[in-house]
Amino acid sequence: MTRRTQNNDARITPQELRRNGVRQVLEKIRRAGGYYVTNTERDLSQSDFKNRIMPHTQFLVAPQRNDAGFFSIEITGGASVHVDMLRKQMNPLEKLEVLSANMPDTLFQTLCRGVNLFGYRPYPENVIRLTVRSFARYVHVWRVFDFLNHVSNMIPVFEEVRESGAILEPSICFSTGPEHTDAYYVGKVGEILAVTGEDILLCIKNHGGLGTPKRIGALVRAIRERYPDLVIHYHGHNTDGADLGRIVAAVKNGAKIVDASDHAMTGFYGPPPLLTAVDILSDEGYEAAGLNRQAVIDASNILRGEREHYRDFESQFLGFDPTAQIHKLPGGATGSSFEQAVKGGFLHQMPNILQNELPRVHVELGNWWSVTPGSQILWTTAVNNVLKGARYRDANDDLKSLMLGRYGEFPFYRPADEIYEAVFGKDWKAILERDGGYQRIEDIDLAVERKVLEHRIGRAATDDELVLYLQHPNDAVDFFKFEAKYGKTWVLSPNIWFRKGGFGLGDKFEIPDAYGRLHAVEIGPKRRTKAGDAVTYLVIDHHPEPILTELEGEGVPAKKKISFTPKEIEALAKTGDVRSQIIGTVSEIPISEGEEVSAGQILIVLEAMKMLNNVIAEINGRVAEILVAPGDRVEVGDPLIVVRTE
């Protein structure tokens, strides 16, 4: 028995979208007396819990969220597609399939990074189109953006979304500074409409929670004055504590949809509490169309009990941060940035990085929009500048690609010559002349990629697996192998996934399987095998099931790891002993054993903090040995490749 939705006629459902089409749905939004609310659950998970809200929790509140009458729920996209696989949570497409069965009356929304899709750098156009078609089976609203606000970088996604019959929501990324005027943004809206036509939603994407309520209100008003029939969707973050004010200003100036989320889970960097925004706007005379207030409350009543399981994933940096107006770090990157600072041992440097170096780098590089992948470029550059004590030294490939114009032209101004020289060296003008310009990624042979995937997993691959592999190859393969070995672990609740200290003899709990059937599990006795491994008996529905755990090297003293300084690593590379200078993951190995290489040639590509870093040969020679493989995690000083000069 589902709850009745308040003002149920105002609600928009997937069935209505399929039946009436995008144009009539947009007209219904325009005619609605109030405004609509999107629950940006995906952004909340990314911003305040490092993308670790488990599928089990999402399924737990699916009935209440379905009854809530949101315009949409942002449930996928951004970094979540990657993290779902990276953290062995769930197949992202399977999650949408299961959730849609439990939330049949709610529009699903995604965040797509244009040519970067759900990743961190551009993809071939045939991969973009295949991915959109695959996700469009479940996703009804597509919010699409480009970190340089280049409309051309979004066109392939636009076309596939329109073809699927979903609602297209192009974005203008918002920031502050002398370049970021109403005239600029109104002009950018005109560029979008020239490509898409009028049957769209327009998102004002305030990913950093920037500007005052007055500023956001003025921007909405300026766009509405030029394009009065355009349906505007405001998206913001509450990093500085002021997004409730920005939401109110947006609605009072004509925005028809706003973003917020469940009050029991809101924190410091994601969306503000949905019900608080609704109550403030109600007092101002604006009502949320189709919203079931009690269902919103019921969802948070359940989520409040779940939040304690995610405590370890909340940011190490607590409290609102008004200095976001200075550093402009997006809410979705703030938590992970502090996590990197803790792991990297530079947490004490964060005030200097955020309040001095990061804003300085932002202005020097063009004052464009700090959002993926641009936010990672700005962040890693500022961190490297501070930690290495030399500004723009050892720039990563993504910064170089940006400065070469491979993502598109700088929207306002180009970095100064001295920065180009610091990044590329004294021959920077020749390099810019030779390598500069937009880089279109050529289509790849999808049949070949499928064969590579099937070789790596040892079986036939599904179409969905191919789509996910093309997005994040190494992490997708690891996930497919993990699920083949351990099954549908997404049925486990967070209090099992994140339990500290393990389980003891006699511990009991119940879990549902992937089909909803409940099973009783009891931890039974453990014994050792002759090989020294452990066998633990799990009593599942009163039947003992032995689980073998291989204990490799247990009891053997660990070898002391030898540490190397950066200078020592550079010296070893000149002898052919190539080692990692960073903590990262092997992304690509473009050479093979026995191949002749030249000094300056790329040997390995490492990924760290979502940025690519080339490891190059320091000498001419032959590749004698490759010591790592794609997907391997490496530490500073770990051996990668041996090059012989003989």
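The values are calculated or read from the model by the stated rules, or taken from the named source; none is laboratory data. In this text, all values refer to a predicted model and were calculated from it rather than measured experimentally. Every residue, glycine among them, receives a Cβ derived from its backbone with ideal geometry; neighbour counts consider all protein chains shown. To get the accessible areas, we keep the full protein, side chains included, count just its heavy atoms, and leave off ligands, DNA and RNA. Shrake-Rupley method; radii C 1.70, N 1.55, O 1.52, S 1.80 Å.
Criterion applied to T529, T536, T549 was being more than 30 Å from I302 (Cβ to Cβ) and in contact with a Pro (Cβ under 8 Å, 6 or more places away or on another chain), and the one residue passing it is T536.
Whether any residue in region 198-205 is assigned to a loop (DSSP other than H, G, I, E, B), open to solvent by 10 Å² or more (accessible area, probe 1.4 Å), at pLDDT 95 or above and not small (G, A, S) is what I want to check. Yes, the conditions are met somewhere in region 198-205.
Checking each residue in region 636-646 for being in a loop (DSSP other than H, G, I, E, B) and open to solvent by 50 Å² or more (accessible area, probe 1.4 Å) picks out V636, T645, E646. Residues in region 516-539 that are closer than 12 Å to L551 by Cα and outside any loop (DSSP other than H, G, I, E, B) were compared, and the one that is most open to solvent (accessible area, probe 1.4 Å) is R528. A single entry from A260, A288 fulfils the requirement of being closer than 24 Å to F145 by Cβ and hydrophobic (A, V, I, L, M, F, W, C): A260. Looking only at residues in region 452-476 that are within 21 Å of D632 (Cα to Cα) and small (G, A, S), the one that is surrounded by the fewest Cβ atoms within 10 Å (Cβ to Cβ) is G458.
Pick out the one residue from V251, V258 that is part of a helix (DSSP H, G or I), among the β-branched types (V, I, T), in contact with a strand residue (DSSP E or B) (Cβ under 6 Å, 6 or more places away or on another chain) and buried (at least 20 other Cβ atoms within 10 Å of the Cβ).
Going through V251, V258 in turn, just one is part of a helix (DSSP H, G or I), among the β-branched types (V, I, T), in contact with a strand residue (DSSP E or B) (Cβ under 6 Å, 6 or more places away or on another chain) and buried (at least 20 other Cβ atoms within 10 Å of the Cβ): V251.
Selection of region 350-393 for residues being closer than 22 Å to P322 by Cα and open to solvent by 50 Å² or more (accessible area, probe 1.4 Å) yields P351, N352, Q355, N356, R360, V363. Can you pull out every residue in region 457-472 that is in a helix (DSSP H, G or I) and either over 21 Å from K88 (Cα atoms) or out of contact with any Gly (no Cβ under 9 Å at 6 or more places or on another chain) (or both)? If the condition is that a residue be in a helix (DSSP H, G or I) and either over 21 Å from K88 (Cα atoms) or out of contact with any Gly (no Cβ under 9 Å at 6 or more places or on another chain) (or both), then I457, D463, D464, E465, L466, V467, L468, Y469, L470 are the ones that fit.
Where in region 41-135 are there helices (runs of 4 or more DSSP H), lying fully within it, with 2 or more residues that are touching a Gly at 6+ places or on another chain (Cβ under 8 Å), open to solvent by less than 30 Å² (accessible area, probe 1.4 Å) and hydrophobic (A, V, I, L, M, F, W, C)? Quick ask: steps written out before the conclusion?
Details: elements: 41-49, 55-60, 62-67, 80-86, 92-102, 125-135.
Ranges flagged: 41-49.
Cβ separations smaller than 7 Å between residues 6+ apart or across chains give the following pairs from region 520-547 residues that are at positive phi to residues that are part of a loop (DSSP other than H, G, I, E, B) and surrounded by 11 or more Cβ atoms within 10 Å (Cβ to Cβ): G532/L551.
Within region 421-451, how many residues are under 24 Å from K485 (Cβ atoms) and either over 30 Å from the mean Cα position of the chain (by Cα) or surrounded by 13 or more Cβ atoms within 10 Å (Cβ to Cβ) (or both)? Show your work before the answer.
As a first pass, look at region 421-451 and keep what is under 24 Å from K485 (Cβ atoms): 449-451.
So of that shortlist, the ones also either over 30 Å from the mean Cα position of the chain (by Cα) or surrounded by 13 or more Cβ atoms within 10 Å (Cβ to Cβ) (or both) come out as 449-450.
So the count comes out to 2.
Hey, could you check region 620-635 for residues that are open to solvent by 30 Å² or more (accessible area, probe 1.4 Å) and in contact with a Ser or Thr (Cβ under 6 Å, 6 or more places away or on another chain) and say which is modelled with the highest pLDDT? Going through the qualifying residues, I end up with N620. Comparison of L17, L26 shows that the only residue that is under 24 Å from P63 (Cα atoms), assigned to a helix (DSSP H, G or I), modelled with pLDDT of 95 or more and open to solvent by less than 30 Å² (accessible area, probe 1.4 Å) is L17. Considering region 580-605, the residues that are open to solvent by 50 Å² or more (accessible area, probe 1.4 Å) and assigned to a strand (DSSP E or B) include one that is farthest from V423 (Cα to Cα), namely E596. Take the conditions (1) open to solvent by 30 Å² or more (accessible area, probe 1.4 Å); (2) in contact with a Gly (Cβ under 9 Å, 6 or more places away or on another chain); A608 misses just one of them, which is (1).
The single residue among V186, V161, V220, V157 that is β-branched (V, I, T), part of a helix (DSSP H, G or I) and open to solvent by 10 Å² or more (accessible area, probe 1.4 Å) turns out to be V186.
Looking only at residues that are under 17 Å from the mean Cα position of the chain (by Cα) and not acidic (D, E) in region 311-325, which one is least open to solvent (accessible area, probe 1.4 Å)? Top of the filtered list is S315. Count of region 261-288 residues, restricted to those that are free of Cβ contacts under 8 Å to residues at least 60 places away in the same chain and either over 16 Å from N206 (Cα atoms) or open to solvent by 20 Å² or more (accessible area, probe 1.4 Å) (or both), is 11. In region 223-248, the residue that is farthest from L44 (Cα to Cα) out of those that are of a type in the set (K, R) and open to solvent by 10 Å² or more (accessible area, probe 1.4 Å) is R226. For beta carbons closer than 8 Å, sequence separation of 6+ or different chains, a first residue in region 326-347 that is on the phi < 0 side of the Ramachandran plot and surrounded by 15 or more Cβ atoms within 10 Å (Cβ to Cβ) and a second that is charged (D, E, K, R) and not in a helix (DSSP H, G or I), the qualifying pairs are T334/D321; G335/K50; G335/E314; S336/K50; E339/K50.
Here is a list: A277, A264. Which entry is in a loop (DSSP other than H, G, I, E, B), closer than 22 Å to G332 by Cβ and among the aliphatic types (A, V, I, L, M)?
A264
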